[in-house]
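This report refers to the structure that appears directly beneath it.
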Amino acid sequence: RLSSGTGVGSNIELRAGSTTDNASGGKLLMSSGFSMPTSSGDVRLETANAGNNGYSGMLEFRTGTTNSGNSGAIAVSSGNAADGRGGEITVTAGTGDSGTGGNLKLTAGVTSEGYKSGGVASLSGGSGTHATGGIGGAVSIAGGAALGSIATGGAVEIKGGANSNDNGQTGGAISLKSGASSFSTSGEITFATADSGANGISGDIQVATGVSSFGDSGDVKIVSGRSAVAFAGEIEIRNGQGVSGGNINIDAGIATTNSGGAVNIKSGYGAASSSGQIFMQTSNAGTTGVSGHMNFKTGTTSNGDSGSIYLSTGNANNG
């Protein structure tokens with residue numbers, strides 16, 4: 001222990017030996033004490049608290065640079081446990097009372113080599129390796145909680161990488177995919193907003209493609225998967241229950257020059273049997289009302305004929 005009175009505090013430097021031969025430099029090992037009957041000792045690295053007009057010192061862990069080959073890795077891991085749980089790893093920014101909270105930033109490595117990707121940032125839950133009852137660990141990403149009468153909870157933003165080159169290709173994609181099962185059902189994907197509080201409404205869900213300055217804008221596709229030996233999956237669009245029923249609006253795109261977008265409703269094709277049916281109906285009335293109307297009409301026109309309405313059945317061969 002070194003003590004200082006005035007001026008800059010004394011430095012302590014621990015450095016392993018260097019060599020000019022074709023060999024590795026010396027290792028630096030810091031290890032706590034072993035105990036045969038109980039716990040091994042702790043290892044604690046910390047900077048001292050700041051004085052009245054400063055900030056606490058920084059902790060920096062980094063490997064050295066290299067002129068040829070890969071730079072050194074950094075591994076942070078807890079030990080294995082023979083009869084208990086593996087140790088937790090916690091990374092937490094400190095609490096403050098002025099300005100925004102401290103950031104936590106994890107960034108994979110950059111590469112300047114052509115046609116090579118930057119480093120991958122991977123976050124995964126732990127494996128459950130029991131022979132019959134293994135359960136994999138979950139991955140939870142949540143915005144920060146907020147307190148106060150006019151507070152707002154933290155948002156969660158997932159964004160693909162941008163491409164800022166004028167002659168570059170597309171931006172990074174985002175893929176959400178549930179887990180596969182080699183024997184049974186694959187996992188579900190649920191998109192849901194939380195229930196509202198006592199004096200609010202539940203949040204919206206919006207699925208939209210971006211604006212295009214040159215060319216078509218992106219499509220939105222909702223498709224169920226194929227089935228080799230059973231029914232293909234259904235697609236269901238349904239409103240929740242309320243004092244008044246919610247509307248379902250399907251609007252084709254607006255065109256500033258050419259014709260507006262069409263709305264096509266088509267039943268499924270049956271390769272060996274009948275094609276699917278299309279049912280359009282209003283629900284039955286309640287105890288004191290009437291059933292809903294069905295209204296089919298074309299739009300008005302400012303110059304020319306208005307649209308026609310055609311009702312026709314298909315042609316039949318041998319029937």
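The values are calculated or read from the model by the stated rules, or taken from the named source; none is laboratory data. Bear in mind the structure is a predicted one, so any value in this text is a computation, not a measurement. All Cβ positions, even for glycine, are placed from backbone atoms using ideal geometry, and neighbour counts span all protein chains on display. Ligands, DNA and RNA are stripped out before the accessible areas are found, and what is left, the full protein with its side chains, is counted by its heavy atoms. Shrake-Rupley method; radii C 1.70, N 1.55, O 1.52, S 1.80 Å.
Tabulated values for the structure
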{"item": "Residue pairs meeting the criteria (Cβ under 7 Å; at least 6 apart or on separate chains; first assigned to a loop (DSSP other than H, G, I, E, B), in segment 246-261; second surrounded by 10 or more Cβ atoms within 10 Å (Cβ to Cβ) and among the β-branched types (Val, Ile, Thr))", "result": "none"}
{"item": "Members of segment 58-97 that are farther than 16 Å from Val43 by Cα and of a type in the set (S, T, N, Q)", "result": "Thr63, Thr65, Thr66, Asn67, Ser68, Asn70, Ser71, Asn80, Thr92, Thr95"}
{"item": "Qualifying position, being in contact (Cβ under 8 Å) with a residue 24 or more places away in the chain and either under 22 Å from the mean Cα position of the chain (by Cα) or surrounded by 10 or more Cβ atoms within 10 Å (Cβ to Cβ) (or both), among Gly144, Gly128, Gly109, Gly154", "result": "Gly144"}
{"item": "Gly245, sole failed condition from (1) modelled with pLDDT under 90; (2) loosely packed, with under 10 Cβ neighbours inside 10 Å", "result": "(2)"}
{"item": "Any hit, segment 287-307, residues being of a type outside the set (A, V, I, L, M, F, W, C), under 30 Å from Thr170 (Cβ atoms), free of Cβ contacts under 8 Å to residues at least 60 places away in the same chain and part of a loop (DSSP other than H, G, I, E, B)", "result": "no"}
{"item": "Flag for Asp166 being charged (D, E, K, R), at pLDDT below 85 and on the phi < 0 side of the Ramachandran plot", "result": "yes"}
{"item": "Residue match in segment 297-307 (condition: at pLDDT 90 or above, under 29 Å from Phe231 (Cα atoms) and of a type in the set (Lys, Arg))", "result": "no"}
{"item": "Among the residues listed as Gly51, Gly57, the single one being under 43 Å from the mean Cα position of the chain (by Cα), assigned to a loop (DSSP other than H, G, I, E, B), surrounded by 10 or more Cβ atoms within 10 Å (Cβ to Cβ) and at pLDDT below 90", "result": "Gly57"}
{"item": "Odd one out for Gly261, checked against (1) more than 27 Å from Ala230 (Cβ to Cβ); (2) more than 38 Å from the chain's Cα centre (by Cα); (3) open to solvent by less than 100 Å² (accessible area, probe 1.4 Å)", "result": "(2)"}
{"item": "Test: residue in segment 267-285 that is more than 23 Å from Ile235 (Cβ to Cβ) and surrounded by 10 or more Cβ atoms within 10 Å (Cβ to Cβ)", "result": "yes"}
{"item": "Any pair with Cβ under 7 angstrom, 6 or more apart, that starts in segment 177-197 at a residue that is within 18 Å of Ser227 (Cβ to Cβ) and ends at one that is loosely packed, with under 10 Cβ neighbours inside 10 Å and charged (D, E, K, R)", "result": "Ser178/Glu188"}
{"item": "Any hit, segment 264-278, residues being under 22 Å from Val211 (Cβ atoms) and among the polar types (S, T, N, Q)", "result": "no"}
